[in-house]
Every structure is written in C-alpha cells, then in structure tokens.
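The values are calculated or read from the model by the stated rules, or taken from the named source; none is laboratory data. Note that the coordinates shown come from a computational prediction; the quantities given were computed from them, not determined experimentally. Heads up: the accessible areas ignore ligands, DNA and RNA and are worked out on the full protein's heavy atoms, side chains in. Shrake-Rupley method; radii C 1.70, N 1.55, O 1.52, S 1.80 Å.
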Amino acid sequence: MGMVVLLALVIATPQSSRAQKSGGRVEGELLVKFGGDATSKSASVANNSVGASVIEEFPSIGWQHVRLPEGMSVYEGLARYRELPGVVSAQPNYIYRTLATPNDPDFSQMYGMTKIQAPAAWDTNTGSSGVVVAVIDTGVLYTHEDLVVNMWKNPGETGLDAQGHDKASNGIDDDTDGYVDDVYGADTYNNDGDPIADSSGGFAFHGTH
C-alpha cells in the first residue's frame with residue numbers, strides 16, 4: 001500500500017502578458033517615455049544629463065530606446081532618469097519571447113508536459129504567486145532544483161516560536177493541525193509532517209514529476 005501525501009506548491013512566476021520575459025534584459029540599455037513627443041527638448045536635456053545616446057525614437061508614443069554611458073548600470077540609469085523632469089516612465093530593455101516553453105535541457109524527456117499540452121497553456125499564462133496548488137500524491141522531493149523556489153511554506157510552521165526556536169524543526173505541532181513540523185505538507189500514510197516519501201518503490205517521488 002502506497003503513501004498518500006498532501007503538499008502544496010506555489011507557482012511563483014507571475015506573468016500576465018502573452019509575450020513572456022524569459023531572457024532577462026539588455027545590459028546598458030533602457031526604454032524611456034517622455035511627456036509629449038519623444039524628440040522634445042526635455043528628452044534631449046534628460047539624455048544629456050544622464051550621458052545617454054539615443055538608439056531609436058518612437059515619436060508618436062513618446063518613447064526612446066537609449067544606450068547608457070559606459071560603466072553605468074541599468075539600476076543607476078533608471079534612478080537617474082526617474083528623477084528628471086519630463087520623464088514619465090523608464091524601464092529596462094527587457095527581452096521578450098513569444099513562447100514560454102522552458103529551456104531546460106531535460107524538457108524533451110518529460111512526456112507528461114506535452115501530453116497535457118502544457119506549452120500551449122504557458123503561452124497564455126505561467127501562473128501567479130497568489131495561487132497555491134495542492135497536490136495529493138505519493139511524495140514530493142521539495143528540495144528538487146525545479147521546485148525548491150516554488151514550494152509553499154506553511155506559515156504556522158515557519159518563523160520562531162515563543163522560546164526562540166525554529167518552528168520548522170522544533171518538534172512541535174505549532175499550528176495544531178495534527179502534524180509536527182509540516183512545513184511543506186503532510187505524509188498522511190506515516191502520519192508525519194514530511195512529504196518526502198520514504199518507502200513507495202518506484203513511485204516514491206511521483207509528485208515531483
């Protein structure tokens with residue numbers, strides 16, 4: 001008889017745009033929106049003040065694509081522009097992809113993702129950090145590199161208790177839900193707070209997949 005475990009995962013990469021940011025940003029470049037026309041005097045004054053050069057202008061919508069001076073970081077450039085009069089908005093020059101399929105070299109081996117048409121779903125939305133997905137399965141390796149940053153943590157079993165001990169490892173059922181130190185979920189077969197399965201044969205970490 002296999003174990004039944006309850007765990008919760010957080011999809012922690014909220015994206016609402018169909019075009020997903022997946023390649024970071026272009027270093028040394030910004031997109032800056034000015035009040036009025038992008039070729040206005042205020043735009044020229046702002047660029048001279050920062051020491052930036054114009055790569056491309058979009059006059060009808062008031063934006064410019066600019067290159068920052070050598071040695072100036074994107075963060076510094078943003079701070080400089082946002083302090084200047086006439087600047088409505090400034091942002092990094094993000095790299096967008098039209099598809100959100102992962103670049104994981106092992107993705108081709110994960111037949112299940114294609115079977116459930118996950119790539120098509122990801123092109124529409126890749127989730128929200130405000131949505132918690134509960135999974136009932138035989139176990140999950142919550143330390144797995146693809147899951148560790150997305151795992152839900154039980155707020156009742158994190159932080160310090162009244163004695164200053166870490167609730168995650170103090171051996172106490174701090175949230176009184178019947179499971180001790182159930183930070184990432186519960187093992188309802190062995191009646192403990194660790195959803196890493198310990199004896200389910202080949203299906204020990206089925207929930208990881």
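Of note:
- Sequence-ordered 3J(HN,Hα) estimates for segment 180-190 from the Karplus curve with 6.51, -1.76 and 1.60 and θ = phi - 60° stand at 8, 6, 8, 6, 10, x, 9, 9, 7, 7, 8 Hz, glycine and proline given as x.
- Averaged over its residues, segment 28-142 has an accessible area of 60 Å² per residue, based on protein heavy atoms and a 1.4 Å probe.
- Segment 28-184 - Rg and Dmax from Cα coordinates, angstrom: 24.3, 67
- Taking the convex hull of Cα positions in segment 81-151, its mean projected area over all directions (nm²): 8.1 nm²
- Per-residue ³J(HN,Hα) for segment 67-84, Karplus 6.51 cos²θ - 1.76 cosθ + 1.60, θ = phi - 60°, Hz, x for Gly and Pro: 10, 6, x, 3, x, 8, 6, 4, 5, 5, x, 4, 4, 5, 5, 5, 8, 8
- Across segment 134-195, the relative contact order, built from alpha-carbon pairs under 8 Å that are at least six residues apart, equals 25 percent.
- Summary of the geometry: segment 137-179 and segment 30-97, compared by the centres of their Cα atoms, lie 45 Å apart.
- The phi torsions of segment 127-133, fed into the Karplus equation with coefficients 6.51, -1.76 and 1.60 and a -60° offset, translate into couplings of x, 8, 5, x, 10, 9, 9 Hz, rounded to whole numbers, with Gly and Pro shown as x.
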